[in-house]
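Enquirer: Quick one: structure below, then a few questions.
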């Protein structure tokens, strides 16, 4: 009834050239010449697996601390990972921004707000308070701090030592899709007090308890800071439970917690997922491929990460980037602690998520 | 206690140059030189407002019909709108693909499936059946047809006349974020029958009724085709209700329906919104800015569209593109019927949506 | 380590009597004497399976039409099914109210509103309009009409013939749990016009289309009336699809549609589910047990219903009641059409739902 | 056009008597004689406000400990509050069960499971472990423990002292609506170990952290025990924040936390809400009316509770019951700590919830 399909490649000809010129002139592009790139059999990201060394990053940040003032206009002394596959853009992946931010003694990063979601993760140091909507949040080693979209925030270093930490945002995604708004706030932080815990934590960081005065579901987690002591305890328990023969770990020797929004049980912010992973010495994880990209930072320990065909030895503070669908395998030489963040909530919300795990290799 | 903020622009110097070289070498980019572009006060899309003329597009498509075979490999004889601001990429906007697809008499576009969500909108003609997972769906003027992600589909023209229609997909978004999967299917369509209505419609296209055999929420609408007769009737009723003094229209003289998923009440697919708008002759809409981008096609009538500073007279089949946050105003010279699709579900799911409407100007 | 458990029945004694008197005096009741009744192995409802004959009900309703005025105070000339197991209460089941309502020529049932959800199903007749928040809704054979909680509504018969129909509400549930509110409205209906279709239908009863002016999820379906022509067409299609070898029916020979809320895909109201079932002549359904209770009304045809150990021959207008967990089997002598409503949304919302189906017996 | 409504009361007559006899014979009840009771202007619960004294309850429980064995058949030595308005049924309210359960030294309450949701709240004592699906959960003063529907559970007292605590369940609701299932389990508890914390807590009771191995939404909270130390700390923080001028309390002098499901942010179980309230000495709460019923138990302190027209002085361990829509006002003589549970999730899920608060009277 219908004719069978034929090979779709048109023969080169003067007429075809003319047609293509007509397309170009009218701002048109044919699918048939582009489909292999546009619609591949599986994700073929431009972004590349890559690793950055903490002991390279930190000296550069310190040098920036000497040469580059922090203040209104530049806003932050933040130095972003630029994926080698993304043409020099300051993007760790097409969706994720990852930067080392550096604040010298007594320095202040002024207040502003933006629709981009942001967090901080502290691999070392202390002495800085992030002030979120007037609530001062102490930053200490191992802590994970939130500044969700459209919350005013600034940072100030109250101590005599500089401090550097990891900033994670969805800047590339927001920039690409065109949803960015920004407003300047106060030049100084709006509350210079230095409490041990933020008011947000005092209200919200109690396991399974929420204030009766606030019972709605919130887009973003109201917990301003997830403290290391809790993260560490939760991971320790998972490994202890495993040792006792009970479930809880992701796979043998591999404990992991996800930072969550206590008002929904979901991710801390609508575009960003954050987790902390701990591997016993000697553990080799299953190889995992996942739609969406991730950035990892080693918190402590030593190990090897294989990303597709490439491999890096990693240690304290080192960062590595996993583009979409690139297979990841971690191997722990010592106990290995890693912070991880990803864009998975985007794909889950849009039903574009897919995961493939190959049997653990231990 | 804390020092006041200072101007953040570092002075040019040899040391600074050296620092920047260090950054480059280590695949790093400072925020302070990029922030104005990366984090603007409001969306500043690279995509530009633009219009394409149906009477330019169609002859080019017809010429392609003569020169370019359709079949396996090229897969579809589709010619995509390439936004002038996006460097020649076949993208209507950073997230949306819009193409005119052309199928000659008796031609077949082979079956395949992909994770990209797709639809067809028919501005004129008939005779083609789209076969979705083995269910043949007739295409007729005014119809809106779905081929959601990961459903096998092919097209075949059963008649003696060529047919051209609008394809809409989320290809640019899926490509950018790296979630594309693709599989080839049968070379011919898997069911060559030509029923008036698809089985999906027979099961699902009854107002407010769903089969008891299928009560789960589905990611994508199970209604394979939204027929023009229903769309037209719904719009007619809205304007009649307005004339009788009752609510229903979006604003005076402006009726609109959203194609929806009857199992959720939400959008037809997770990344794409589709609507049909009808303006009475003489109506001028309020000016609307919205996060996210849209493509419109005039179905019938004549009018003027203002996109920011630019303006186009538009008529049957003409297409225009609205980048994120660009103000849109429509003015109907005659009764004006328009199909519209957008990426709004992405922003709503991720809580990045924002809308601003300035009082109707009539 | 711990002692083994022992028989829990205490020995009768003077001391025990004294203890029990103490309990009674202090408004206490021991669990151990009640647990068998309170916490049975499976639901043991007090309500009984029962059937009511239309040709018994209708004459009684007609007689009430002669003797009992309709108006403010009594509000409605409605006669409720009183389950034989529920001690004379006007309850079809512990949660459901089912009544025949009767309105003579030119009679008016005044407006009021209440938090109880209500619907009407029309087994025969026409000429009455239900006015819901000022929107007149015609009642005709086969139609299913909604008056969700807290909407003002009244009825008036515009014709020369009396009309009787089925009212369904969640009165017993609301009464038991204590959430009832009620307000009187106008003595006459607020709009005496008699349009063929309500404004609600004109806005909402288009398959898969919703007005862009109203995009929120609504607790209750905005479709005021589900017309017989649509229900009939949907059922016809399911059986045709079955005959052609395609899925769609619940089980062989058994088509069914659920009335749904187009803004959510869920049930029409938060406490009530409504469906229409059609069995081909000769079909015997699988035997189904379900947590929660249901009321069925035969719309047309003849058949047999088995409820647990009991069995009834049923025909036009006959009603029968299925208490929780009572096995139901239907057998169609002729083509059999049945309306059904139940309290299933209550159990699904509270995760107390459970269903068990025994293989179809055909 | 339509006739005006008339008084709806029919005149007494022989014919009317005959009609009513006909109704009775056919298992029918007219609405017009029942509507005032069935559909009141606002909730008029049969249940009454009532209070029970701990120092009356406890001696009766102790006496039951001497006379009544605990074991298979009776299952639990639990003594239920029987609301004076509910005809002697063991129901605190139409939906809620509240009982004092008593376990002597070394006694065991055997394992079983049921669809009813259950919890324990410990007003004093320790030494009992509740074993939930094989996970031993220590019970200590101030703790709130879950045994959600269909989880096997038993209790055993490992110490030399008896222990009594509050059991809360949805037994009356489940019984009325007919959704009860029950299964017997082991006669002894399945794990006799006596860990300080349950495995469930070790996995789940970390603020804002969840195991990556379990990321689904769960119907019931996986936190087996909410420990007093966390509840106390959260309440203390709320009052401290208030003293410092920050939000967090429900109203001046009134702190409250809701026990929540960390996988959803919602209530701990689908039918039961549980909260803990703390009032500063001298605080008088606003008067609050709420659809649905609640049971309160004083944990510590002294005060007055006004329920509608009635008033009780209450102290340690005393229980009081608030039927639907009865106004509640609490006045704290000393610092007053109260546990509260209610059926609010039922009404919220079914959109029957309504709350009215009259300005605080302090």
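The values are calculated or read from the model by the stated rules, or taken from the named source; none is laboratory data. Predicted model only: the values in this text are computed from it and were never measured. Using ideal geometry, Cβ is built from the backbone for each residue, glycine included, and neighbour counts are taken over all protein chains shown.
Enquirer: One residue is enough: does the stretch B:308-315 have a residue meeting the conditions modelled with pLDDT of 95 or more, farther than 26 Å from residue A:353 by Cα and within 14 Å of chain A (Cβ to nearest Cβ)?
Expert: Yes; the residues of the stretch B:308-315 include at least one that is modelled with pLDDT of 95 or more, farther than 26 Å from residue A:353 by Cα and within 14 Å of chain A (Cβ to nearest Cβ).
Enquirer: Is it the case that residue B:59 is closer than 30 Å to residue B:309 by Cα and within 30 Å of the chain's Cα centre (by Cα)?
Expert: yes
Enquirer: Can you name the residue in the stretch B:144-164 that is touching a helix residue (DSSP H, G or I) at 6+ places or on another chain (Cβ under 8 Å) and part of a strand (DSSP E or B) and is also surrounded by the fewest Cβ atoms within 10 Å (Cβ to Cβ) among such residues?
Expert: Only one residue tops the list, namely B:164.
Enquirer: Which one of the conditions (1) more than 14 Å from chain C (Cβ to nearest Cβ); (2) over 20 Å from residue D:258 (Cα atoms); (3) in contact with a strand residue (DSSP E or B) (Cβ under 6 Å, 6 or more places away or on another chain); (4) at pLDDT 95 or above does residue D:362 fail to meet, given that it meets all the rest?
Expert: (4)
Enquirer: Does the stretch A:112-135 hold any residues that are farther than 12 Å from residue A:162 by Cα and in a strand (DSSP E or B), and which are they?
Expert: A:112, A:113, A:114, A:118, A:119, A:120, A:121, A:129, A:130, A:131, A:132, A:135
Enquirer: So residue C:179 fits all but one of (1) free of Cβ contacts under 8 Å to residues at least 40 places away in the same chain; (2) in a loop (DSSP other than H, G, I, E, B); (3) crowded, with 22+ Cβ neighbours inside 10 Å; what number is the exception?
Expert: That leaves (1) as the condition not met.
Enquirer: Which condition number in (1) within 12 Å of another protein chain (Cβ to nearest Cβ); (2) under 21 Å from the mean Cα position of the chain (by Cα); (3) farther than 28 Å from residue D:219 by Cβ; (4) not in a loop (DSSP other than H, G, I, E, B) is the one that residue D:340 fails?
Expert: With respect to (1) within 12 Å of another protein chain (Cβ to nearest Cβ); (2) under 21 Å from the mean Cα position of the chain (by Cα); (3) farther than 28 Å from residue D:219 by Cβ; (4) not in a loop (DSSP other than H, G, I, E, B), residue D:340 is out only on (3).
Enquirer: Continuing with the same structure: Filter the stretch A:71-80 down to the residues that are surrounded by fewer than 22 Cβ atoms within 10 Å (Cβ to Cβ) and either touching a helix residue (DSSP H, G or I) at 6+ places or on another chain (Cβ under 9 Å) or more than 22 Å from residue A:157 (Cβ to Cβ) (or both) and list them by number.
Expert: A:73
Enquirer: Is the stretch D:33-40 home to any residue that is out of contact with any helix residue (DSSP H, G or I) (no Cβ under 9 Å at 6 or more places or on another chain), more than 8 Å from chain C (Cβ to nearest Cβ) and within 28 Å of residue C:178 (Cα to Cα)?
Expert: yes
Enquirer: A further question follows. Residues to consider are A:19, A:28; find the one that is within 7 Å of another protein chain (Cβ to nearest Cβ), touching a helix residue (DSSP H, G or I) at 6+ places or on another chain (Cβ under 6 Å), surrounded by 14 or more Cβ atoms within 10 Å (Cβ to Cβ) and modelled with pLDDT of 95 or more.
Expert: A:19
Enquirer: Continuing with the same structure: For residues that are within 8 Å of chain D (Cβ to nearest Cβ) and assigned to a helix (DSSP H, G or I), scanning just the stretch A:227-256, find the one that is nearest to residue A:357 (Cα to Cα).
Expert: Only one residue fits best here, namely A:238.
Enquirer: So, one more: Using beta carbons and a limit of 6 Å, which pairs, at least six apart or on different chains, have the first residue in the stretch B:12-36 and free of Cβ contacts under 8 Å to residues at least 24 places away in the same chain and the second one surrounded by 14 or more Cβ atoms within 10 Å (Cβ to Cβ) and part of a helix (DSSP H, G or I)?
Expert: B:15/A:67; B:16/A:67; B:19/A:63; B:19/A:67; B:22/A:60; B:26/A:56
Enquirer: Which residues, counting only those in the stretch D:107-135, are closer than 18 Å to residue C:29 by Cβ and more than 10 Å from chain C (Cβ to nearest Cβ)?
Expert: Result: D:118, single match.
Enquirer: Now for a separate question. Name every residue in the stretch C:259-285 that is in a loop (DSSP other than H, G, I, E, B) and within 13 Å of chain B (Cβ to nearest Cβ), in order of residue number.
Expert: Those that are in a loop (DSSP other than H, G, I, E, B) and within 13 Å of chain B (Cβ to nearest Cβ): C:261, C:262, C:263, C:264, C:265, C:266, C:268, C:269, C:285.
Enquirer: Report, by residue number, each residue of the stretch A:198-216 that is closer than 22 Å to residue A:155 by Cα, out of contact with any helix residue (DSSP H, G or I) (no Cβ under 9 Å at 6 or more places or on another chain) and either at the interface with chain D (Cβ under 7 Å from one of its Cβ atoms) or part of a loop (DSSP other than H, G, I, E, B) (or both).
Expert: Correct list: A:198 only.
Enquirer: Quick one: count up the residues across the stretch C:54-70 that are touching a residue at least 12 places away in the same chain (Cβ under 8 Å), part of a helix (DSSP H, G or I) and either facing chain D (nearest Cβ under 7 Å) or buried (at least 18 other Cβ atoms within 10 Å of the Cβ) (or both).
Expert: So the count comes out to 6.
Enquirer: Go through B:187, B:167 for me and flag whichever is within 18 Å of the chain's Cα centre (by Cα) and under 19 Å from residue B:133 (Cβ atoms).
Expert: Numbers: B:187 fails: within 18 Å of the chain's Cα centre (by Cα).
Matching residue, one of B:187, B:167: B:167.
Enquirer: As an exercise: evaluate residue D:318 against (1) closer than 30 Å to residue C:116 by Cβ; (2) within 14 Å of chain C (Cβ to nearest Cβ) and give the number of the one condition it does not meet.
Expert: Of (1) closer than 30 Å to residue C:116 by Cβ; (2) within 14 Å of chain C (Cβ to nearest Cβ), only one is false for residue D:318: (1).
Enquirer: Shifting gears a bit: Restricted to the stretch C:89-106, and to residues that are touching a strand residue (DSSP E or B) at 6+ places or on another chain (Cβ under 7 Å) and at the interface with chain D (Cβ under 7 Å from one of its Cβ atoms), which residue is nearest to residue C:124 (Cα to Cα)?
Expert: Keep residues of the stretch C:89-106 that are touching a strand residue (DSSP E or B) at 6+ places or on another chain (Cβ under 7 Å), which gives C:90-93, C:96-106.
From what is left, the residues that are at the interface with chain D (Cβ under 7 Å from one of its Cβ atoms) are C:90, C:99, C:106.
On the way: C:90: 23, C:99: 15, C:106: 18 Å.
This residue is C:99.
Enquirer: Still on this structure, please answer the following. In the set C:109, C:138, C:51, which member is surrounded by fewer than 23 Cβ atoms within 10 Å (Cβ to Cβ), assigned to a strand (DSSP E or B) and more than 20 Å from the chain's Cα centre (by Cα)?
Expert: Selected residue: C:138, the only one of C:109, C:138, C:51 that is surrounded by fewer than 23 Cβ atoms within 10 Å (Cβ to Cβ), assigned to a strand (DSSP E or B) and more than 20 Å from the chain's Cα centre (by Cα).
Enquirer: Restricting to the stretch D:317-337, name every residue that is assigned to a loop (DSSP other than H, G, I, E, B) and either surrounded by fewer than 16 Cβ atoms within 10 Å (Cβ to Cβ) or over 18 Å from the mean Cα position of the chain (by Cα) (or both).
Expert: Within the stretch D:317-337, D:333, D:334, D:335 qualify.
Enquirer: So for the stretch A:213-225 (the condition being surrounded by fewer than 21 Cβ atoms within 10 Å (Cβ to Cβ), touching a strand residue (DSSP E or B) at 6+ places or on another chain (Cβ under 7 Å) and under 30 Å from residue B:170 (Cα atoms)), does at least one residue qualify?
Expert: no
Enquirer: Within the set of pairs 6 or more residues apart or between chains, which connect a residue that is on the phi > 0 side of the Ramachandran plot inside the stretch C:96-119 to a residue that is modelled with pLDDT under 95 with Cβ atoms less than 7 Å apart?
Expert: C:106/D:2; C:106/D:3
Enquirer: Among the residues of the stretch C:217-226, which ones are closer than 20 Å to residue C:136 by Cβ and more than 7 Å from every other protein chain (Cβ to nearest Cβ)?
Expert: Correct list: C:220, C:222, C:224, C:225.
Enquirer: (1) at pLDDT 95 or above; (2) over 30 Å from residue C:350 (Cα atoms): which one isn't true of residue D:71, the others all being true?
Expert: (1)
Enquirer: Taking the stated definitions as given, is residue C:84 within 25 Å of the chain's Cα centre (by Cα), facing chain D (nearest Cβ under 7 Å), loosely packed, with under 15 Cβ neighbours inside 10 Å and part of a loop (DSSP other than H, G, I, E, B)?
Expert: Yes, satisfied.
Enquirer: Quick one: residue B:134 ticks every box in (1) without any contact (Cβ under 8 Å) to a residue 60 or more places away in the chain; (2) under 22 Å from residue B:226 (Cβ atoms); (3) touching a strand residue (DSSP E or B) at 6+ places or on another chain (Cβ under 8 Å) bar one, so which box is it?
Expert: Going through the list (1) without any contact (Cβ under 8 Å) to a residue 60 or more places away in the chain; (2) under 22 Å from residue B:226 (Cβ atoms); (3) touching a strand residue (DSSP E or B) at 6+ places or on another chain (Cβ under 8 Å), residue B:134 breaks only (3).
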